[in-house]
Each structure stands twice: as C-alpha cells, then as structure tokens.
Amino acid sequence: MGELFTFFGLISEDKTFIFMSHMLLSAGIALILARMAMSNLQLVPKGTQNLMEAYVQGVWSMGTDVMGKLHARKYVALVSTLGLFIGIANIIGIFPGFEAPTAMLEMPLALALTIFVYYNFVGIREHGLLHYLKHFLGPVWWLYWLMFPIEIVSHISRIISLSFRLFGNVKGDDMFLMVILMLAPWVLPIIPFALLTFMAFLQAFIFMMLTYVYLGGSLIVDETI
C-alpha cells in the first residue's frame, strides 16, 4: 500500500523492498524471541521461556486433537514456527510506520504453496506414491473417474483458501486501521487495536489449524480408502 507511511519507505518506496524488509523484520523478531527463550533455560520456566513453552504446549495440544499425539509431536516445531512467524507478521501492521507483510499476497501465497507441497510430500513419503494417490479415488470403484478430478481440484483450491484467507483478512484489517487513523488519529484508534490484535492472532491460529488438518489428512489415508 504505497499511500501508507512506513519507516522502510523512507529508504526506498519500491514495493518489493518494503515487503522484504517487513518480512525479514518479522522473521528477525521471531528469532530473537526464540533466542531469548532458550538463552537461559531453567527447570522452572519464567519470562520469555515460560511464554514460549506455554505457546508450544498449546500448539501441540491443538495438533493432538487433530492428528494424535505421535504425529502432533513430530510436526509441532513446523506448525509452531509458522504460527509465531505469521502472528508477528500480522501484528506489526498494527503499529504506525509498519506494514504487515501478510497484507501483501506474495507472503501468504508462498506460505500456502510451501504447505501444499510439504503435506503432499509427507503423504507420498509415508505411504508411497501409488497408495497415496489411491486415496484421491474415493471408496467406490465405479466413481473413480469422477472423484479423482474432484479431489485434485479440492486439494489445489487449498492453496487459494490458505493464501487468500490470510491475505484478505489482514489486508482488510490494515485498510480499516488506515481509515480510523485518517478520521481520528489520536484517541479513537485505541479502541480497535484490541480487536485488530485478536484478529492477527486468530488468522495465525487458523493457518496453524489448517496446516495440521492437511498434514493429518496426508498421513492418515487408510481410513478414507
């Protein structure tokens, strides 16, 4: 959004530069938080360690409900890293002078493509190519010709669902905040900040949940054949 003031825009107004700067800033903040949590590990956690352990435990519990303890523990690092990165990327757009990189389609689309490729890779690695593709056919043999293209389209649509859900919601939040700041730049923006913060975390939660669901579906294919 070129009409918005950003601190990185003072260096260059190039859209790619602004996007990459905010994305790297989000990644840097996530790495700093992880470093702070692990810099002085204690048996009784406190501070950042306590916060991060509670977060990872919550992500693991969420995954347990979706795909069982064994698989959830295996992929908790991936999903919790995604959630932390996306959550921070969403949050920084709330602060004046910064723009959420998730409000630019490039980042949500890249994340969605990564998850799409990875969960299919996991399914093929776990079951073999032929057995994995078989679950696209459905349980009724005489409907194979119909179910296969439907399943293919359904899986490809997940890329659109993941990317545009995240992009659309964060972009809408940014535009809402911009309007509020133009109408009442001092007092009124305090009111919607809590709502925007909640929405930022909610979108990260939804992305994590769907990642678990897609991974679980690729790992547990026998029940659907």
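The values are calculated or read from the model by the stated rules, or taken from the named source; none is laboratory data. If you're wondering where the values come from, they're calculated on a predicted model, not measured in any experiment. Here Cβ is always computed from backbone atoms with ideal geometry, including for glycine, and neighbour counts include all displayed protein chains. Each accessible area value is taken on the protein alone, full model and side chains, heavy atoms only, with ligands, DNA and RNA left out. Shrake-Rupley method; radii C 1.70, N 1.55, O 1.52, S 1.80 Å.
Here are the numbers for the structure shown:
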{"item": "Scope the range 2-16; condition open to solvent by less than 60 Å² (accessible area, probe 1.4 Å) and not aliphatic (A, V, I, L, M); matching residues", "result": "6, 8, 9, 12"}
{"item": "Every residue from the range 98-117 that is of a type in the set (Asp, Glu) and not in a helix (DSSP H, G or I)", "result": "99"}
{"item": "Residue in the range 118-136 that is part of a loop (DSSP other than H, G, I, E, B), surrounded by 17 or more Cβ atoms within 10 Å (Cβ to Cβ) and either free of Cβ contacts under 8 Å to residues at least 40 places away in the same chain or among the small types (Gly, Ala, Ser) (or both) present", "result": "yes"}
{"item": "Single match in 47, 63, 97, 68 (criterion: touching a Phe, Trp or Tyr at 6+ places or on another chain (Cβ under 6 Å) and at positive phi)", "result": "97"}
{"item": "Scan of the range 137-157 for residues that are of a type outside the set (D, E, K, R) and surrounded by 14 or more Cβ atoms within 10 Å (Cβ to Cβ), ordered by number", "result": "137, 138, 147, 148, 155"}
{"item": "Residue in the range 17-40 that is of a type in the set (S, T, N, Q), surrounded by fewer than 19 Cβ atoms within 10 Å (Cβ to Cβ), under 27 Å from residue 162 (Cα atoms) and within 17 Å of the chain's Cα centre (by Cα) present", "result": "no"}
{"item": "Hits in the range 158-170 (condition: of a type outside the set (Val, Ile, Thr), open to solvent by 30 Å² or more (accessible area, probe 1.4 Å) and either modelled with pLDDT of 95 or more or farther than 20 Å from residue 194 by Cα (or both))", "result": "158, 161, 164, 165"}
{"item": "Filtered residue count, the range 85-97, keeping only those that are assigned to a loop (DSSP other than H, G, I, E, B) and either farther than 17 Å from residue 33 by Cβ or at pLDDT 95 or above (or both)", "result": "1"}
{"item": "Residues located in the range 26-65, provided they are within 23 Å of residue 207 (Cα to Cα), β-branched (Val, Ile, Thr) and free of Cβ contacts under 8 Å to residues at least 40 places away in the same chain", "result": "32, 56, 64"}
{"item": "Residue in the range 59-69 that is of a type outside the set (Val, Ile, Thr) and under 26 Å from residue 172 (Cβ atoms) present", "result": "yes"}
{"item": "Any hit, the range 171-193, residues being modelled with pLDDT under 90, closer than 25 Å to residue 77 by Cα and surrounded by fewer than 16 Cβ atoms within 10 Å (Cβ to Cβ)", "result": "no"}
{"item": "Which numbered condition residue 59 fails, given (1) open to solvent by 40 Å² or more (accessible area, probe 1.4 Å); (2) touching a Gly at 6+ places or on another chain (Cβ under 7 Å)", "result": "(1)"}
